[in-house]
Structure formats: C-alpha cells, structure tokens
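Visitor: Below are the structure tokens for one structure; questions will follow.
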Amino acid sequence: MFFPEGQVRVFLYGEPVNMRLSFDGLYALARHRLQQDPLSGNLFAFINRRATQIKVLYFDRTGLCVWAKRLEQGRLISDWRDVSTCEMDWTALKCLLEGITPQRVKKRYQYASLSSEIKG
C-alpha cells in the first residue's frame, strides 16, 4: 500500500465496527454512514470496539482492497469518547497505526510577542 502522501484522503469512522465485516460491509459503511464514494480512491479506516484491530478499505482501480492490522499489545485509541468521524491525512493514519497520538499542538513562534519585544 504505497500512496503519494499529499494526495490521499483518509476517512476515519468514529464508531466501533464489527471486524467480521469484509468488503461489502465496509463498503456499505463508507457509502451510507460516511456519505463518501468508496470507489474514489480514498482510504476508509475502521476500528473495532476494543481498539486492537483496524481495517482500511480502498479502491486501487482494479478492485476493492482491505488491509488489516491486529495489535498484539496496546490499543490504537485510548477512549472512544475522544474519537469522531473525521477526515485525516496520510501522516495521521501512519501515526495511528504506529500508536502515536498527538496530545497537543504547540506553535513554535508567537508573532505577537515577537513584535512587542522589537517595539519595546
């Protein structure tokens, strides 16, 4: 699964999913619950209730593909209350698969304080 990083749209389904679902079930969730076209080339990520498994559905111009991962230790997400259906980028999906959860965003520069220091 190799994708150009800037061109991939990833949709995370924000509710637990039964991992017995395969192509047709995941296709139906993407089509009806996410209101997206699964044949568009976008990636659709689905996580189980215990957050130990993830399936990614995508269309590669010849057919639907399902990529699955099951963790031996830990969880993909810590709490379902913090998860919502959303669009993320390819980098965020890679971080999710590696178990990296961003805690906060910290700006490196604060322009307002810099300009006041220069004037003063």
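Visitor: Give the number of residues within the range 24-71 that are assigned to a loop (DSSP other than H, G, I, E, B) and surrounded by 14 or more Cβ atoms within 10 Å (Cβ to Cβ).
Guide: First, the residues of the range 24-71 that are assigned to a loop (DSSP other than H, G, I, E, B): 34-37, 41-42, 48-52, 60-63, 71.
Now restrict to residues that are surrounded by 14 or more Cβ atoms within 10 Å (Cβ to Cβ): 34, 36, 41-42, 48, 51-52, 71.
Within the range 24-71, residues that are assigned to a loop (DSSP other than H, G, I, E, B) and surrounded by 14 or more Cβ atoms within 10 Å (Cβ to Cβ) number 8.
Visitor: I would also like to ask the following. Report the residue count in the range 77-116 for those that are modelled with pLDDT of 60 or more, among the small types (Gly, Ala, Ser) and either over 17 Å from Leu43 (Cα atoms) or assigned to a helix (DSSP H, G or I) (or both). Please lay out each step first, then the result.
Guide: Just the residues of the range 77-116 that are modelled with pLDDT of 60 or more, to begin with: 77-102.
From the residues that got through so far, the ones that are among the small types (Gly, Ala, Ser) too are 78, 84, 92, 99.
If we keep only those that are either over 17 Å from Leu43 (Cα atoms) or assigned to a helix (DSSP H, G or I) (or both) as well, we get 78, 92, 99.
Of the residues in that region, 3 qualify.
The values are calculated or read from the model by the stated rules, or taken from the named source; none is laboratory data. Model, not experiment: these values are computed from the prediction. Cβ coordinates were reconstructed from backbone atoms using ideal geometry, including for glycine residues, and neighbour counts include every protein chain displayed.
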